[in-house]
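Take a look at the structure set out below.
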Amino acid sequence: MSPGGIDSERPLSALPSVQARVLAFFAILIAGTAGALIGYSFVKLQCHGDCAVPEGIGAIVGGVGAAAGVAVVAVLVLRAMGEWSTIKAERAAEIDAREDPGP
């Protein structure tokens, strides 16, 4: 039996599924795009005349800020999913051990 109390061929891992990681990646990209559009629009509304540089800075700051915020949330969600699946597997192993005491 392994140290975590679960007998299996693969090592115990809190790594979330590939699908969850891909969805988190696309959520970060979408948030970055939305933040860039918001930052650009915010500067465009307030600037008159030659505003190419301020609009670009607004887009970059908005995009990076939004992407960073969603990235933090995505990491926390992925960690929680990994811990939840580990806890679920440990509880299933405990129930199996109680039902089948073995020799």
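The values are calculated or read from the model by the stated rules, or taken from the named source; none is laboratory data. If you're wondering where the values come from, they're calculated on a predicted model, not measured in any experiment. Reconstructed Cβ throughout: ideal geometry from the backbone, glycine too, with neighbour counts over all protein chains shown.
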Which members of region 16-33 meet the condition of being surrounded by 15 or more Cβ atoms within 10 Å (Cβ to Cβ) and at pLDDT below 90? Pro16
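From the list Met81, Met1, which one is at pLDDT below 95 and part of a helix (DSSP H, G or I)? Step through it out loud before you land on a result.
Values: Met1 fails: part of a helix (DSSP H, G or I).
Exactly one of Met81, Met1 is at pLDDT below 95 and part of a helix (DSSP H, G or I), namely Met81.
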Matching residues in region 34-49 - criterion: being loosely packed, with under 15 Cβ neighbours inside 10 Å and of a type in the set (Ser, Thr, Tyr): Ser41
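Residue-wise test of (1) touching a helix residue (DSSP H, G or I) at 6+ places or on another chain (Cβ under 6 Å); (2) under 25 Å from Thr86 (Cα atoms); (3) not charged (D, E, K, R).
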| site | (1), (2), (3) |
| --- | --- |
| Pro16 | yes, yes, yes |
| Arg21 | no, yes, no |
| Gly32 | yes, no, yes |
| Ile60 | no, no, yes |
Criterion: among the aliphatic types (A, V, I, L, M) and surrounded by 14 or more Cβ atoms within 10 Å (Cβ to Cβ) - qualifying residue of Ala66, Ala52: Ala66
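Is it the case that Ala36 is under 20 Å from Arg21 (Cα atoms), in a helix (DSSP H, G or I), in contact (Cβ under 8 Å) with a residue 24 or more places away in the chain and among the hydrophobic types (A, V, I, L, M, F, W, C)?
In short, no.
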